[in-house]
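Enquirer: Got a structure for you, written out below as structure tokens; questions coming shortly.
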Amino acid sequence: MGNIRKHILFYGRVQGVGFRYYARHKAAQLALTGWVRNLPDGSVEMEVQGPEERIDELILFLESRQYVLIENLDVRQMEPEEGEREFRARY
């Protein structure tokens, strides 16, 4: 399982619903690295790195949260970053 990195913009009801909290904790469980942050327009931006199957699992987990409503995703693949050790919330 090789690592990939994705840049994802989440649109919908994704702020004020624990999205970053859920993302950070689930990513840690899945041994993914990267970061997540709220954007001024109400969307959430994420860069996440790890095996594609685990990234997909993270997205499915976030979609299943009670108050989160992801209406659209903008996803693009990036080059993996060497040396990154954790997934964190940015402010």
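The values are calculated or read from the model by the stated rules, or taken from the named source; none is laboratory data. These figures come from a predicted structure and were not determined experimentally. Methodologically, a virtual Cβ is constructed for each residue, glycine included, from the backbone with ideal geometry; neighbour enumeration extends over all protein chains shown. Quick note on the areas: whole protein, heavy atoms, side chains included, nothing else; ligands and nucleic acids left out. Shrake-Rupley method; radii C 1.70, N 1.55, O 1.52, S 1.80 Å.
Enquirer: When residues of region 55-64 are filtered for being exposed (fewer than 13 other Cβ atoms within 10 Å of the Cβ) and either among the hydroxyl-bearing types (Ser, Thr, Tyr) or touching a strand residue (DSSP E or B) at 6+ places or on another chain (Cβ under 9 Å) (or both), how many remain?
Expert: The total comes to 1.
Enquirer: Collect the residues in region 1-37 that are part of a helix (DSSP H, G or I), open to solvent by 20 Å² or more (accessible area, probe 1.4 Å) and touching a residue at least 40 places away in the same chain (Cβ under 8 Å), keeping them in residue-number order.
Expert: Answer for region 1-37, where residues must be part of a helix (DSSP H, G or I), open to solvent by 20 Å² or more (accessible area, probe 1.4 Å) and touching a residue at least 40 places away in the same chain (Cβ under 8 Å): 20, 21, 22, 24, 28.
Enquirer: Spot the failing condition for residue 85; the list is (1) within 23 Å of residue 2 (Cα to Cα); (2) open to solvent by less than 40 Å² (accessible area, probe 1.4 Å); (3) not in a helix (DSSP H, G or I), and only one is missed.
Expert: Looking at each condition in turn, residue 85 falls short on (2).
Enquirer: Also, I was wondering about something else. Quick check on my filter: what residues within region 38-91 are over 16 Å from residue 15 (Cα atoms) and without any contact (Cβ under 8 Å) to a residue 12 or more places away in the chain?
Expert: 56, 60, 82, 83
Enquirer: Just the residues that are more than 8 Å from the chain's Cα centre (by Cα) and closer than 18 Å to residue 79 by Cα, please, taken from region 35-54.
Expert: 49, 50, 51, 52, 53, 54
Enquirer: Keeping to region 65-82, report how many residues are within 24 Å of residue 3 (Cβ to Cβ), open to solvent by less than 80 Å² (accessible area, probe 1.4 Å) and outside any strand (DSSP E or B).
Expert: So the answer is 1.
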